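Only the coordinates and a few stated rules stand behind these numbers; no lab work does. These numbers were taken from a predicted model, which means no experiment stands behind them. All Cβ positions, glycine included, derive from the backbone under ideal geometry; neighbour counts span all protein chains shown.
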Amino acid sequence: MAAARERAAGHRRRFDLRFEAYFATLPERLDTPPLSRFTPRCLDLLRDLSLRGGKRLRVALLYEAARLVTTDPVPGLAEAALSIELLQTHGLVHDDLIDDSPRRRGGPSTYYAYRQDFPDADRTALGLAVLAGDLAAFLSMRVLLDADVPAELRRAMLEVQLDAAAETVTGQIVDLERDFLPVPDEEFLHTVCEYKSTRYSVLAPLRLGLLAAGEDLARHDARLRRYATLVGIGGQLRDDYLDLFGDDAATGKTTGADLRAGRRSYAISALLAAADASQRAEIESALGDPHSPTETVHRLRDLARHLGVDAKLRAAMHRHADAARTEARTWRPHWREDAVAFFEGLPLANVLPPE
């Protein structure tokens, strides 16, 4: 587990330097209207959000997937990493817009930065935030076209990213649908997680890394999907747990955001399922109230602890992490052992430690 964390941290440090260099040269390479003041501001906000934190787990998955096959330098990985993280930036901008989230990664969300720029023109702020997210998505595909790899491989990598992007949008749609269910069941919650997060955050990096290294994806797709699903659910459980039980300073986000936005996340759904009728009425009265005071969030957090929701979520995280580690062990006959060891250690490194 410690080795997996150290390897992931190394990938993050190297990628952050490359990401910073990408944004430094982007204004020169992107053909934008020379007289526009809004366009440079858009690029600055995308750069700020992209470089401001982030675990870069997708980047680690990409590079380690290639290491499953070879330790030689693999052309196309650098561009794939940029594509993955630009697509993540797109998702964050639009996610914060949909959820009306004021903060992201310890700073203002792109939408709220625009609201500060245009305090009396909210439609302008809204439109600019939508367009900023769109631009990040298009840039994520553009960098793959610049990869110095054979045309057939470039096409295959673009197909992976385009599919992941489209599936993520459908995941956002189902995410909104989820919140119209009184208490979403586990199957529906897992479906939201798969489409909104897992397919682009875990499965696509694995596929891109293996593709770049020359592997035949068709032979391994089932095992990649099993692993990605388990890691994705574990990660989403962690994120939902931290939204209710975490600390603002540590997460860079406002605790209770899911409650105030009316999101029936893993944590909120578990709380609703565990509550009695009167407790559920109290939860429902706060759910979806953007002005719900901190005292209410803390009271419901205490109720969740009293009902054992925190322990249940932590147990589920570790159950999925253990299952993912077991799945990764089955990869040993197919791929390089030291890279497989990374994927064995990663799931537990990606969830909260036991209390």
For the stretch 1-80 versus the stretch 258-296, the gap between their alpha-carbon centres in whole angstrom: 37
Taking R0 as 45 Å and r as the Cβ-Cβ distance between residue 131 and residue 9, the FRET efficiency 1/(1 + (r/R0)^6), rounded to the nearest 0.05, comes to 0.85
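So what is the relative contact order for the stretch 77-203, in percent, with contacts set as C-alpha pairs under 8 Å and at least six apart? Can you show the working numbers first?
Numbers: 124 pairs, mean separation 31.4, N = 127.
Rounded, it is 25 percent for the stretch 77-203.
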For P(r) over Cα pairs in 20 Å bins from 0, in percent, pick the label among [x] 22, 35, 21, 19, 3; [y] 29, 57, 13, 0; [z] 27, 53, 18, 2 that corresponds to the value derived from the coordinates. [y]
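How much FRET efficiency would the formula 1/(1 + (r/R0)^6) give for residue 282 and residue 122, where r is the Cβ-Cβ distance and R0 is 30 Å, rounded to 0.05?
Values: r = 32 Å, r/R0 = 1.06.
That pair, residue 282 with residue 122, gives E of 0.40.
Given contacts defined as C-alpha pairs under 8 Å and at least six residues apart, what's the relative contact order of the chain, whole-number percent?
Details: 464 pairs, mean separation 70.3, N = 355.
Normalised by residue count, the contact order of the chain is 20 percent.
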Over the Cα atoms of the stretch 173-234, what radius of gyration and what Dmax do you get, in Å? 13.9, 47
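Rank-order 341-352, 32-43, 282-293 by packing density, defined as the average count of other C-beta atoms within 10 Å over each peptide's residues, highest first. Kindly include the intermediate steps, with their values, before the conclusion.
Working: 341-352: 21.9, 32-43: 11.9, 282-293: 13.8.
Most protected by this proxy first, the peptides run 341-352, 282-293, 32-43.
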So what is the orientation-averaged projected area of the stretch 116-274, using the convex hull of its C-alpha atoms, in nm²? 12.0
